[in-house]
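Written out below as structure tokens is the structure these notes cover.
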Amino acid sequence: MHARKLYRSVRTAATHATAGSSQRWSCRFARVPRLELRHTAESTFHSSTAHSWRQGAFRAAGPTIKAQMQVRQRHNHPSPAVGAQPQTPGRGKICWRCQLESARTALLCDNERCRAIQPVGKGVTYFDLFSDDGQLSFDVDTVGLRRRFLKLQQTVHPDSFSQKEDMERKLAEAQSSWINHAYATLKDPLRRARYLLKLQGREIDEKDQITDPELLMEIMESREEIEMAKTESQVADIRRRNELKVAGVVDGLSQAFARGDLVRARDLTHHLQYLRRISQTVHSWEPSSA
């Protein structure tokens with residue numbers, strides 16, 4: 001019985017010492033004869049006291065340890081595959097599957113052990129994907145553009161991901177749609193000019209009014225010619241003259257963008273926009289029944 005009481009005293013003292021209460025530790029030990037404590041407690045209950053002290057210390061530090069583990073879980077990523085390159089955040093995009101970095105223009109993960117399809121990179125332009133250097137230029141090689149388009153579509157075509165997980169199927173559809181839109185924009189001079197102006201903060205609204213009196217007069221005369229045309233040969237002549245004007249404006253756009261003259265490029269884009277409308281009117285012309 002006496003040994004049991006002594007054990008309770010020693011265990012209580014150890015527990016309170018863990019909580020940082022040195023005063024209560026001293027009071028507890030004051031109740032135990034010094035000689036009995038030294039000969040009995042150290043020999044009989046030493047292991048139990050040490051065990052109680054460890055439990056008390058763990059309980060005291062428990063909240064801190066738990067919080068540290070939660071922080072690690074939030075910021076920890078799955079371990080990369082053996083031999084994979086280390087991450088260098090800030091220069092590309094992080095793969096949603098393996099958490100390794102890939103180039104921001106990458107269609108598939110650069111990690112050979114992953115190769116999961118990637119979302120469109122933030123800030124990536126059509127020129128980044130369709131040109132080797134990513135430079136903004138009005139002049140494009142239409143043959144090379146078509147070749148690059150087919151290669152890109154072969155990589156991300158949704159049919160190639162029909163048996164993949166839902167995430168990859170959705171990303172394939174998004175990438176394919178983005179590439180289609182990019183190709184349609186870059187191969188068309190008008191859409192390409194508008195896109196270049198948009199990237200450089202000079203976006204054009206299709207509803208903008210004509211302010212150049214010479215351009216306004218030219219548009220009115222062309223429309224009047226189309227309305228007065230009676231034969232297909234007359235319409236064909238209007239079409240040829242309009243195509244020559246389009247070619248001249250496209251050449252002017254090339255020079256303006258090359259000089260960095262965005263004001264002139266914007267005016268010429270307006271001009272090309274209205275010439276395109278004339279082309280559409282000519283294309284839909286039908287002889288009058290009167």
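Mind grabbing the accessible area of Glu221 for me, 1.4 Å probe, Å², rounded to tens?
Approximately 100 Å² of Glu221 is accessible to the 1.4 Å probe.
Calculate the dipole size of segment 145-225 relative to its Cα centre from +1 charges on Lys and Arg beta carbons and -1 charges on Asp and Glu beta carbons; express the result in debye to the nearest 20. It would help to have the intermediate numbers written out before the result.
Values: 15 positive and 16 negative charges, 159 e Å.
With Lys and Arg at +1 and Asp and Glu at -1, about 760 debye.
Whole angstrom only: what separates the Cα centroid of segment 249-276 from the Cα centroid of segment 95-141?
Computed from Cα coordinates, the inter-centre distance equals 30 Å.
Roughly what % of Cα-Cα distances in segment 148-280 sit above 25 Å, to the whole percent? Mind showing how you got there, number by number?
Working: 3987 of 8778 pairs.
Within segment 148-280, distances greater than 25 Å cover 45 percent of Cα pairs.
Net charge near Asp159, counting Lys/Arg +1 and Asp/Glu -1 over other residues with Cβ under 15 Å of its Cβ? Write out the running numbers ahead of the final one.
Details: positive: Lys164, Arg169, Lys170; negative: Glu168, Glu173.
Cβ neighbours under 15 Å give a net charge of +1.
Which FRET efficiency, nearest 0.05, do Ser233 and Thr105 yield, Cβ-Cβ r, R0 41 Å? Walk me through the numbers before you get to the answer.
Values: r = 50 Å, r/R0 = 1.22.
After rounding, the FRET efficiency stands at 0.25.
Convex hull over the alpha-carbon atoms of segment 121-196: what's its volume per residue in Å³? Numbers along the way, then the final one.
Numbers: hull volume 6.6 nm³, N = 76.
It is 87 Å³ per residue.
Size of the dipole of segment 193-290 about the Cα centre, Lys and Arg at +1 and Asp and Glu at -1 on the beta carbon, nothing else charged, in debye to 20?
Values: 15 positive and 18 negative charges, 81 e Å.
Around 380 debye, computed over segment 193-290.
Could you work out the mean projected area of the convex hull around the alpha carbons of segment 145-189, in square nanometres to one decimal?
Working: hull surface 11.1 nm².
That works out to 2.8 nm².
Please compute the length gained on full extension between Ser279 and Lys151, using 0.36 nm multiplied by the number of residues separating them and subtracting their Cα-Cα distance.
Values: separation 128, 0.36 × 128 = 46.08 nm, distance 3.21 nm.
Full extension of this stretch gives 42.9 nm more.
What does the net charge come to around Arg240 if you take all other residues with beta carbon closer than 13 Å to its beta carbon, with K and R at +1 and D and E at -1?
Working: positive: Arg239, Arg241, Lys245; negative: Glu225, Glu232, Asp237, Glu243.
For residues surrounding Arg240, the net value is -1.
Keeping every protein chain present and rolling a 1.4 Å probe, give me the accessible area per residue for segment 215-290 in Å². Mind dumping the intermediate values first?
Values: 4790 Å² over 76 residues.
Averaged over the residues of segment 215-290, the accessible area is 63 Å².
The values are calculated or read from the model by the stated rules, or taken from the named source; none is laboratory data. From a predicted model like this one, the values you see are computed outputs, not experimental measurements. Here the Cβ is made from the backbone with ideal geometry for all residues, glycine too, and neighbour counts use every protein chain on show. To get the accessible areas, we keep the full protein, side chains included, count just its heavy atoms, and leave off ligands, DNA and RNA. Shrake-Rupley method; radii C 1.70, N 1.55, O 1.52, S 1.80 Å.
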